[in-house]
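**Q** Have a look at this one before I ask anything.
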C-alpha cells in the first residue's frame, strides 16, 4: 500500500490523472446532467454526483498509471 501511495503522489501521475479527469469528467457530466445544466435546475445532490463524475476517472487513471510504473520497474511482479 505504501508503494502505491508513493507512486500515486508523483507529479507526472497526478498531472496525467487531472487531465484525464477534466476531459472524461466533463464529457460524462454533460451526458449525465445536461438537462439540469441547461434548465438551470442544479441542486445539491447534483453537486455530489458531478464531483463523483470527475473523481472516478481521476482514480482510475491514477491506478492504471501506478500499475504501469510498477510493471515497468519490475515486470515479473504484478502485485500492488
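None of the figures in this text is laboratory data; all of them are computed from the coordinates on show. Here the structure is a predicted model, which means the values were calculated and not measured. Counting neighbours? That spans all protein chains shown, and the Cβs are built from the backbone with ideal geometry, glycine included.
**Q** Of the peptides 17-25, 64-72, how do they stack up when ordered by the mean number of other Cβ atoms within 10 Å, highest first?
**A** 17-25, 64-72
**Q** Turning to a different aspect of this structure: Between the helical axis of 11-39 and the dominant principal axis of the chain, each derived from Cα atoms, what acute angle in degrees is found, rounded to the nearest 10?
**A** Once rounded, the angle reads 20 degrees.
**Q** Can you give the Kirkwood hydrodynamic radius for the chain, in Å, rounded to one decimal and based on Cα pairs?
**A** Result for the chain stands at 14.1 Å.
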